[in-house]
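Everything on this sheet refers to the single structure shown next.
The values are calculated or read from the model by the stated rules, or taken from the named source; none is laboratory data. Just so it is clear, the model here is predicted, and its values are computed rather than measured. Cβ coordinates were reconstructed from backbone atoms using ideal geometry, including for glycine residues, and neighbour counts include every protein chain displayed. SASA here: full protein model, heavy atoms, side chains in, ligands and nucleic acids out. Shrake-Rupley method; radii C 1.70, N 1.55, O 1.52, S 1.80 Å.
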Amino acid sequence: GENVEQHPSTLSVQEGDSAVIKCTYSDSASNYFPWYKQELGKRPQLIIDIRSNVGEKKDQRIAVTLNKTAKHFSLHITETQPEDSAVYFCAASKSNYQLIWGAGTKLIIKP
Amino acid sequence: ETGVTQTPRHLVMGMTNKKSLKCEQHLGHNAMYWYKQSAKKPLELMFVYSLEERVENNSVPSRFSPECPNSSHLFLHLHTLQPEDSALYLCASSSGAGKTGNSPLHFGNGTRLTVT
């Protein structure tokens, strides 16, 4: 069936460095790729999303890139800060009813 | 104020109990969702309601029974659960109805369920 693979499962980076999380998807009809951030004990929140007609999108320190040919997309966080520590989930979908989620990446920012 | 409120935050129940989870959204959305979140696993979509009609049921056991009386409220009725049902149950809402199109999900803080 359709699935989304997310790597790494845990990522530890020094404060100020960059972090990259990668996801691959299997359904070539997927056209929407959101990223959610879930801090410990809190709800997931959308931080950025990209649609299949765009290759890259940036929002301050966060960017997402999409390679439709290779069926993978990545989250880039620059100048990481302690408040970036959280679990990040990627997803791919054709509609809200068919959102396929990755298993999550725990990002640890070391002081 | 999250816009999506879930109660209770924590619930411990025995396998023979009956309980209900409640979700309320104040965002004017017309689609609501129940998700199950287990450690180190992808979020699992359980049910979707659009305009108060169930539009998706991902082969969820019948011991979970959803109810959507109006576009602002969603319930998950639980009975004769198993220990493996212990998880965080998240409610979400979104704008837009229908099976096509995407809009961001707004989640509640979840109910941490423990089945003993």
Quiz item: Hey, what do the phi angles of the stretch A:55-70 turn into as Karplus ³J(HN,Hα) couplings, whole Hz, using 6.51/-1.76/1.60 and θ = phi - 60°, x for Gly and Pro?
Solution: x, 7, 8, 10, 8, 6, 7, 10, 9, 10, 10, 10, 10, 5, 4, 8
Quiz item: What pairs from A:LYS37/A:LYS57; A:LYS42/B:LYS19; A:LYS22/A:LYS57 go past 20 Å between their alpha carbons?
Solution: A:LYS42/B:LYS19
Quiz item: Any idea of the accessible area per residue across the stretch A:1-41, 1.4 Å probe, to the nearest Å²?
Solution: 52 Å²
Quiz item: Looking only at B:ALA39, B:ALA87, B:ALA31, which one moves most when chain B is put into a Gaussian network model with springs between Cα atoms under 10 Å?
Solution: B:ALA39
Exercise. Run the quick spin-label model on A:LYS110 and B:LEU51: label points 7 Å from Cα toward the beta carbon, then report their separation in nm to one decimal.
Key: 5.5 nm
Self-check item: For A:ALA91, residues with placed amide H under 5 Å, excluding near neighbours
Solution: A:GLY102
Quiz item: A:LYS71 versus A:HIS7, label points 7 Å from Cα toward the beta carbon: distance in nm?
Solution: 1.5 nm
Practice problem: For the stretch A:1-106, give the share of DSSP beta bridges that are antiparallel, in percent and rounded to the nearest 5; count only bridges with both residues there. | Solution: 95 percent
Quiz item: Taking springs between alpha-carbon atoms closer than 10 angstrom, which of A:GLN60, A:GLN45, A:GLN14 fluctuates most in the Gaussian network model of chain A?
Solution: A:GLN60
Exercise. Read phi for every residue in the stretch A:21-36 and hand back ³J(HN,Hα) as whole Hz from Karplus 6.51 cos²θ - 1.76 cosθ + 1.60, θ = phi - 60°, with x for Gly and Pro.
Key: 10, 10, 9, 10, 10, 9, 8, 5, 7, 4, 9, 9, 9, x, 10, 10
Quiz item: Is the shape of the stretch A:60-99 rounded, prolate or oblate, going by the alpha carbon gyration tensor and its root eigenvalues a ≥ b ≥ c, with a/c under 1.5 for rounded and a/b larger than b/c for prolate?
Solution: oblate
Quiz item: Using the alpha-carbon centroid of each, what span in Å lies between the stretch A:32-111 and the stretch B:1-76?
Solution: 24 Å
Quiz item: Ignoring ligands, DNA and RNA, what percent of the accessible area of the stretch A:28-102 is carbon or sulfur (1.4 Å)?
Solution: 46 percent
Quiz prompt | Among B:ASN102, B:ASN57, B:ASN70: highest mean-square fluctuation, GNM of chain B, C-alpha pairs under 10 Å | solution = B:ASN102
Quiz prompt | Table column - 3J(HN,Hα) (Hz), the stretch A:101-111, Karplus curve with 6.51, -1.76, 1.60, x for Gly and Pro | solution = 9, x, 7, x, 10, 8, 9, 10, 9, 8, x
Quiz item: Which length gain, in nm to one decimal place, applies between A:VAL54 and A:THR78 when the Cα-Cα distance is subtracted from 0.36 nm times their residue separation?
Solution: 6.6 nm
Quiz item: Can you pull out the GluC sites (Glu not before Pro) in the stretch A:1-58 that DSSP calls coil and that have at most 14 other Cβ atoms within 10 Å?
Solution: A:GLU2, A:GLU15, A:GLU39
Quiz item: Quick one: buried accessible area between B and A, total over both chains, 1.4 angstrom probe, nearest 100 Å²?
Solution: 1900 Å²
Quiz prompt | Most positive-pole-ward Cα, B:PRO69, B:LEU105, B:HIS10, against dipole of chain B from beta carbon charges | solution = B:HIS10
